[in-house]
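Okay, so here's the structure we're looking at.
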Amino acid sequence: MAFLELREVVKNFGRNTVVRGLSLSVEKGEFLSFLGGSGCGKTTTLRMIAGFETPSAGSINLDGRDLSRIPPNHRNLGMVFQNYALFPNMTVARNIAFGLKIAGQRGDAISKRVEEMLELIHMGEFAQRYPHQLSGGQQQRVALARALARKPAALLLDEPLSALDAKIRVRLRDDIRAIQQALGITTIYVTHDQEEALSISDRVAVMREGRIEQIGAPFEIYNSPGTPYVATFIGTLNVLSAIVKDAAKGLMLVEGQEIGAGKPIEAGTGGELRLSLRPEALSAGSAGPNLLRGRVENVKFLGSIVRSLVRVGTQLVSMDGFSDPRLAPPRVGEELTLSFAPEACMVAKPEAAPLAETVDDEESGEA
Amino acid sequence: MSAGERRPRRARHGSGIRAGFSWLWILLGLVYFFLPLIATFLFSLRGKKGVLSFVAYQHVFADPQFLRTFGFSLEMAILTVIVGLALIVPTAIWIYLKLPKAKSVIEFFTLLPFVIPPIILAFGLIRTYSRPPFAIVSSPILLVAGYVIISFPYIYKSVDAGLRAMDLRGLTEAAQSLGAGWLTLFFKVIIPNLKTALLSALFLTLAIVIGELTLAVLLAWPAFGPYMALMGRNLAYEPAALAILSFGMTWGAIGLIQAISRGKPGEGSNLGGTH
């Protein structure tokens with residue numbers, strides 16, 4: 001049995017079913033993220049593990065014991081909240097010592113552990129400060145130290161970075177990962193930010209409507225999305241309509257231009273298809289086996305990346321290229337040929353595609 | 001033309017005049033507030049003919065009835081605070097955490113002591129509790145119970161403001177995840193963060209109960225309210241002195257709340273009222 005195991009967990013709030021038969025195994029020491037938009041059940045699932053919500057059905061096991069009858073204060077799980085939830089009446093040191101005191105540890109053992117934790121988060125000189133004298137990032141680090149001080153069986157983080165600004169978010173997320181790896185603690189991380197989930201986790205569980213849509217390593221989730229929803233939710237995706245030319249050879253037509261998927265397509269010749277392409281899988285040039293000719297309609301400069309919007313017939317395709325100081329970026333109005341490898345083609349039947357609205361990189365962070 | 005466009009020009013035009021008007025209104029407000037106070041104070045100093053003196057204050061303090069009634073009322077007020085807080089604080093926390101829907105019901109209850117005059121309350125209490133099985137009309141328990149009802153809105157509003165100012169659910173869950181049971185949560189986390197709110201509840205209740213008249217008269221207790229009323233009927237300068245004294249005590253209490261709550265983390269000026 002895995003270290004943490006959820007079996008067919010269901011949660012209803014009145015007539016609303018928020019989690020619908022979710023099963024999951026997490027190995028000891030693993031860092032797993034729940035990723036999904038608002039209302040997908042990710043936070044509710046985490047809160048059921050923590051004990052703040054009771055599952056309507058199903059079971060949750062941790063290290064071989066059934067958690068369902070154990071109140072949250074006896075589960076020995078560390079929890080970090082979105083809004084820090086530090087005790088405002090206590091100093092940093094006393095916040096960290098809180099759980100140790102309850103565990104009945106002796107005074108000198110407590111102060112030694114508090115010192116260790118302060119060192120872990122590099123905040124030794126802040127021991128006597130009050131939470132309101134700290135920045136958001138510092139407060140969240142203290143919250144992390146407080147949660148870890150008791151050496152909990154697992155660490156649960158509920159959108160811990162979403163109240164912080166971008167720079168600190170990235171730094172703290174690397175810190176969290178480094179601390180997690182140093183301690184080898186099993187960690188469940190809830191976020192709606194795909195970049196965060198992909199960069200920090202051993203595995204990502206993409207959630208939707210109370211179920212896990214796909215679970216896998218970040219590389220796997222990004223490059224071989226198992227469902228159209230995952231494909232559109234993760235990263236930016238061009239979804240083009242295509243017509244099957246030769247199913248056996250994997251050939252199709254996009255706006256009359258021939259594209260090869262490199263493998264047979266499961267569809268009848270002449271049938272309609274959806275062809276999905278990542279913007280970064282496309283490049284300008286006439287070298288590749290697959291070519292799409294079009295006209296540049298818009299160019300967005302995003303710092304390290306230049307995103308060009310190219311009209312191919314009646315359809316729009318995004319192409320991402322690195323900002324290269326030696327190359328001039330595409331100009332609006334210019335004719336451009338897009339080139340891509342057969343492996344870049346993600347093909348789906350249109351009827352099997354309850355596609356989420358194509359989510360843009362910048363927008364997905366706000367869901 | 002929208003209001004937004006008009007505003008800057010008007011501000012530019014008459015900013016000096018407007019500032020002047022603001023100060024005029026503040027001045028009028030201060031006069032309205034302080035004039036009667038100063039007049040009362042000056043009046044209280046005229047106990048001896050022809051000179052200003054504190055003789056009226058001396059009379060007040062020399063009267064054994066003053067200290068006796070004040071002591072009695074203070075005792076009742078402290079009991080009221082203890083009972084009121086013991087009832088209302090856990091209830092409010094429970095409602096915040098488990099029954100947020102009941103908030104509106106409690107809000108309605110907090111209006112009742114204002115809607116139902118104390119005289120009705122007093123007669124209701126007398127009728128209900130003067131016959132078995134609850135013949136306690138001659139016990140101070142009934143007086144304290146009545147005072148708890150009268151001060152309930154003030155205590156609840158203070159506690160409510162205090163709870164609203166803190167992240168009760170977050171703190172509760174954080175404490176629980178660190179192994180805290182309800183008692184630890186209550187005494188180590190919630191109460192310390194409610195300190196200002198509890199102090200404001202304490203002083204509001206003291207102020208209300210010490211000067212309370214109707215219940216004390218109808219239930220026939222030698223309290224401070226009836227004593228003040230009696231003085232007002234029979235004497236001239238001493239009631240003015242009493243008024244100034246009680247005013248001073250109230251302000252002293254408010255100053256004390258401010259002093260204690262100053263600089264406290266996470267609990268700025270959430271004194272009673274809305275926040």
- Query: Are any of the residues in segment A:40-60 assigned to a loop (DSSP other than H, G, I, E, B), of a type outside the set (D, E, K, R), within 14 Å of another protein chain (Cβ to nearest Cβ) and touching a strand residue (DSSP E or B) at 6+ places or on another chain (Cβ under 6 Å)?
  - Reply: no
- Query: Given the residues A:M117, A:M90, which is the only one that is at the interface with chain B (Cβ under 9 Å from one of its Cβ atoms), of a type in the set (A, V, I, L, M, F, W, C), within 22 Å of A:A163 (Cβ to Cβ) and surrounded by 15 or more Cβ atoms within 10 Å (Cβ to Cβ)?
  - Reply: A:M90
- Does segment A:182-195 contain any residue that is touching a Pro at 6+ places or on another chain (Cβ under 7 Å) and either farther than 22 Å from A:L277 by Cβ or surrounded by 21 or more Cβ atoms within 10 Å (Cβ to Cβ) (or both)? no
- From (1) away from chain B (no Cβ under 12 Å); (2) part of a helix (DSSP H, G or I); (3) not basic (K, R), pick out the condition that doesn't hold for A:H122. (2)
- Residues that are surrounded by fewer than 23 Cβ atoms within 10 Å (Cβ to Cβ) and among the polar types (S, T, N, Q), drawn from segment A:132-179: A:Q133, A:S135, A:Q138, A:Q139, A:S162
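Keeping to segment A:253-291, report how many residues are aliphatic (A, V, I, L, M) and part of a strand (DSSP E or B).
Of the residues in that region, 8 qualify.
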- Could you pull out the residue among A:A284, A:A267 that is of a type in the set (G, A, S) and within 31 Å of the chain's Cα centre (by Cα)? A:A284
- Test B:T128 against the criterion of being among the polar types (S, T, N, Q), more than 14 Å from every other protein chain (Cβ to nearest Cβ) and within 25 Å of B:P226 (Cβ to Cβ), and give yes or no. yes
- Could you give me the residue pairs with C-beta distances under 6 Å whose first residue belongs to segment B:184-212 and is under 12 Å from B:V159 (Cβ atoms) and within 12 Å of chain A (Cβ to nearest Cβ), whose second residue is part of a helix (DSSP H, G or I) and modelled with pLDDT of 90 or more wherever it lies, and which are 6+ apart or on separate chains? B:L194/B:G162
- Out of (1) touching a residue at least 60 places away in the same chain (Cβ under 8 Å); (2) small (G, A, S); (3) closer than 27 Å to B:M166 by Cα, the one A:G64 does not meet is (3)
- Query: So, in segment A:61-76, of the ones that are more than 12 Å from every other protein chain (Cβ to nearest Cβ) and not hydrophobic (A, V, I, L, M, F, W, C), which residue ends up farthest from B:S177 (Cα to Cα)?
  - Reply: A:G64
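The values are calculated or read from the model by the stated rules, or taken from the named source; none is laboratory data. Since this is a predicted model, take the numbers as computed values, not measurements. Neighbour counts run over all protein chains shown; Cβ positions are idealised from the backbone, glycine included.
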